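The values are calculated or read from the model by the stated rules, or taken from the named source; none is laboratory data. Remember, it's a predicted structure, so these values are computed and weren't measured experimentally. Positions of Cβ are backbone-derived with ideal geometry, glycine not excepted, and every protein chain shown enters the neighbour counts.
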């Protein structure tokens with residue numbers, strides 16, 4: 001992360017940084033928290049509703065209904081991204097739109113759409129994971145680490 | 001001729017013979033819309049990509065400026081231009097179309113005055129008869145290159161700025177009439193350790209102040225010499241910081257009106273631009289369109305335009321570097337028949 | 001009842017994300033990465049599944065559940081196939097999500113231009 005590399009600031013730079021911080025308009029933290037809560041909660045509600053529909057009318061059981069639910073949420077997010085609406089919603093909702101899996105889908109769809117001008121292979125194919133890549137990389141590495149820990153603590157082939 | 005340490009005095013007073021400004025639809029909804037020559041209806045401008053649309057902007061501005069000067073492109077000796085795109089492709093590809101001997105420059109958002117200063121110098125020293133100076137920016141191509149894909153849902157903080165979709169071009173020559181370029185000050189790179197690319201105003205303000213102070217020092221004048229000193233795109237946050245810095249340095253900015261192009265081009269009430277505007281096109285279209293129109297109407301006699309630029313790249317930011325900035329100043333005075 | 005908890009828990013996880021944005025000043029990419037890793041760790045301890053039982057979509061929709069699913073896959077395969085399962089199983093459970101995202105994004109790029 002950029003913040004990790006500390007740059008020694010001179011006294012003048014320190015003073016300037018304080019001046020700049022004093023002028024910086026504060027982020028409306030409480031307003032943003034409330035909006036994120038409402039938006040994120042609402043998206044999860046939609047997800048819950050979709051899951052119930054798959055269980056009651058789709059013939060899926062509780063455990064298996066997760067897959068089609070995620071697929072539908074992703075599809076909805078991609079459609080909203082295509083319509084040019086998701087980014088406007090995100091300015092209002094902040095993390096409420098970024099944290100749900102819909103944010104993940106938006107990051108991929110927006111990158112794919114944007115880089116289509118560089119061709120399907122290098123543009124769409126090569127840059128689709130521009131923003132979602134870190135999530136997949138670190139998720140995989142974390143899962144691997146957890147797996148190793150489990151192996152060492154509990155032993156393989158049975159708990 | 002050289003004046004002081006880093007300034008040029010243009011004793012032959014080259015004219016800004018003509019200007020042209022071309023903007024996108026968002027700028028066309030702002031308070032200065034009537035001052036722009038061409039306002040496009042959609043920001044893709046019928047092209048297949050944002051980058052191609054940006055080329056259209058600068059090509060149209062360049063061609064219109066040449067036309068407004070009553071010239072053909074074959075008569076123009078040099079085209080000095082730059083923009084925000086990697087390898088300044090917008091300007092380079094426009095130069096391909098124009099076929100004018102080309103000097104590409106990179107000053108980020110300070111390019112408008114950097115190119116105008118160089119153009120005035122070439123003409124003033126007899127190194128050229130007609131020089132085209134121009135720059136452009138496009139909000140979507142800038143977002144795509146520096147920040148996120150345009151459809152990505154990221155929440156912009158209140159310090160963020162909106163890149164102007166616009167191009168401004170000017171023809172400078174000894175022949176003709178119009179506002180004259182009287183002097184210019186080339187800025188030094190100033191870096192006060194600001195690292196936040198969503199707070200360019202704070203990064204650029206010290207460079208603007210440094211160049212303005214150097215200008216009055218080099219030329220031996222007071223800020224009150226000018227009716228208006230305007231910075232390129234400090235926007236709300238940078239502007240306030242600059243005012244505080246002037247006070248801290250006991251610089252008598254109150255002798256004149258001090259304003260900022262980034263705060264003029266959009267309507268804060270109706271347009272969501274957080275702190276204000278930025279981009280090479282910002283200072284270019286506001287100066288060549290709005291300010292020179294005011295000058296032509298006799299409302300302004302002497303102005304100092306100080307375009308400000310942030311010289312970072314996405315990689316420098318990711319590698320933990322802070323943001324070095326620069327500001328270039330050009331003084332423009334009303335043509336002789338108005339004075 | 002589960003609808004209420006879905007709303008509350010989902011909202012709360014998003015508020016934590018907003019905290020990362022506004023207070024910790026992390027970028028979205030860093031925040032999502034942090035959340036996914038947290039989800040993986042919480043599942044490693046064994047607390048994520050109970051959370052899903054309790055809050056339903058409030059726990060399964062946020063990106064944290066992606067970390068949970070990756071760990072589930074790894075541990076499932078570890079249990080049935082031994083140590084190699086840690087690698088072979090990781091993407092098993094999340095396959096629907098990743099495949100859907102790739103396919104729909106690809107289709108989007110075919111038919112849609114960005115609007116700026």
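No other residue among C:70, C:34 is modelled with pLDDT of 95 or more and more than 8 Å from chain A (Cβ to nearest Cβ) apart from C:34. Being touching a helix residue (DSSP H, G or I) at 6+ places or on another chain (Cβ under 9 Å) and within 17 Å of residue B:39 (Cβ to Cβ) is the filter here; which residues of segment B:254-272 pass it? B:264, B:265, B:266, B:271, listed by residue number. Just to be sure before I move on: is residue B:51 over 18 Å from the mean Cα position of the chain (by Cα), closer than 28 Å to residue B:86 by Cα and at pLDDT 95 or above in the structure I sent? When the stated conditions are applied, residue B:51 passes them.
Just to be sure before I move on: is residue C:56 within 7 Å of chain A (Cβ to nearest Cβ), touching a strand residue (DSSP E or B) at 6+ places or on another chain (Cβ under 7 Å) and over 22 Å from residue B:148 (Cβ atoms) in the structure I sent? Even if it seems obvious, please write down each step before you answer.
Details: within 7 Å of chain A (Cβ to nearest Cβ): yes; touching a strand residue (DSSP E or B) at 6+ places or on another chain (Cβ under 7 Å): no; over 22 Å from residue B:148 (Cβ atoms): yes.
It is false that residue C:56 is within 7 Å of chain A (Cβ to nearest Cβ), touching a strand residue (DSSP E or B) at 6+ places or on another chain (Cβ under 7 Å) and over 22 Å from residue B:148 (Cβ atoms).
Within segment B:30-44, the residues that satisfy the criterion of being within 14 Å of chain A (Cβ to nearest Cβ) and more than 21 Å from residue B:283 (Cβ to Cβ) are B:42, B:44. Take the conditions (1) within 14 Å of another protein chain (Cβ to nearest Cβ); (2) within 21 Å of residue B:325 (Cα to Cα); residue B:230 misses just one of them, which is (1).
Tally the residues that are out of contact with any strand residue (DSSP E or B) (no Cβ under 6 Å at 6 or more places or on another chain) and at the interface with chain A (Cβ under 7 Å from one of its Cβ atoms), restricting the search to segment C:13-22. Reasoning before the result, please.
We begin by selecting, within segment C:13-22, every residue out of contact with any strand residue (DSSP E or B) (no Cβ under 6 Å at 6 or more places or on another chain); these are C:14-22.
When the remaining residues are screened for being at the interface with chain A (Cβ under 7 Å from one of its Cβ atoms), the result is C:14-15, C:17-18, C:21-22.
Summing the residues that are out of contact with any strand residue (DSSP E or B) (no Cβ under 6 Å at 6 or more places or on another chain) and at the interface with chain A (Cβ under 7 Å from one of its Cβ atoms) in segment C:13-22 gives 6.
Looking across segment C:74-99, just one residue is buried (at least 23 other Cβ atoms within 10 Å of the Cβ) and free of Cβ contacts under 8 Å to residues at least 12 places away in the same chain, and that is C:78.
Residues of segment C:103-116 that are within 7 Å of chain A (Cβ to nearest Cβ) and within 23 Å of the chain's Cα centre (by Cα): C:104, C:105, C:106, C:108. Look through C:39, C:10, C:44 and report the one residue that is facing chain A (nearest Cβ under 7 Å), surrounded by 24 or more Cβ atoms within 10 Å (Cβ to Cβ) and over 30 Å from residue A:24 (Cα atoms). So the residue among C:39, C:10, C:44 that is facing chain A (nearest Cβ under 7 Å), surrounded by 24 or more Cβ atoms within 10 Å (Cβ to Cβ) and over 30 Å from residue A:24 (Cα atoms) is C:10.
Each row is one residue, and each column tells you yes or no for (1) surrounded by fewer than 21 Cβ atoms within 10 Å (Cβ to Cβ); (2) within 30 Å of residue B:276 (Cβ to Cβ); (3) touching a residue at least 12 places away in the same chain (Cβ under 8 Å).
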{"position": "A:12", "(1), (2), (3)": "yes, yes, no"}
{"position": "A:21", "(1), (2), (3)": "yes, yes, no"}
{"position": "A:36", "(1), (2), (3)": "no, yes, yes"}
{"position": "A:56", "(1), (2), (3)": "yes, no, no"}
{"position": "A:76", "(1), (2), (3)": "yes, no, yes"}
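Restricting to segment A:144-159, name every residue that is at pLDDT below 90 and either buried (at least 17 other Cβ atoms within 10 Å of the Cβ) or under 31 Å from the mean Cα position of the chain (by Cα) (or both). Once the filter is applied, which keeps residues that are at pLDDT below 90 and either buried (at least 17 other Cβ atoms within 10 Å of the Cβ) or under 31 Å from the mean Cα position of the chain (by Cα) (or both), segment A:144-159 yields only A:156. Quick check on residue B:284: is it touching a residue at least 40 places away in the same chain (Cβ under 8 Å), closer than 27 Å to residue B:180 by Cα, in a helix (DSSP H, G or I) and assigned by the TED database to the domain that holds residue B:206? Answer is yes for this residue. Taking segment B:131-187 on its own, how many of its residues are within 14 Å of chain A (Cβ to nearest Cβ) and more than 17 Å from the chain's Cα centre (by Cα)? Number of matching residues: 20.
Within segment A:79-119, which residues are more than 7 Å from every other protein chain (Cβ to nearest Cβ) and surrounded by fewer than 24 Cβ atoms within 10 Å (Cβ to Cβ)? If you could, list the steps in order and put the result at the bottom.
First, the residues of segment A:79-119 that are more than 7 Å from every other protein chain (Cβ to nearest Cβ): A:79-80, A:83, A:85, A:88, A:92-93, A:102, A:115, A:118-119.
Within segment A:79-119, A:79, A:80, A:83, A:85, A:88, A:92, A:115, A:118, A:119 qualify.
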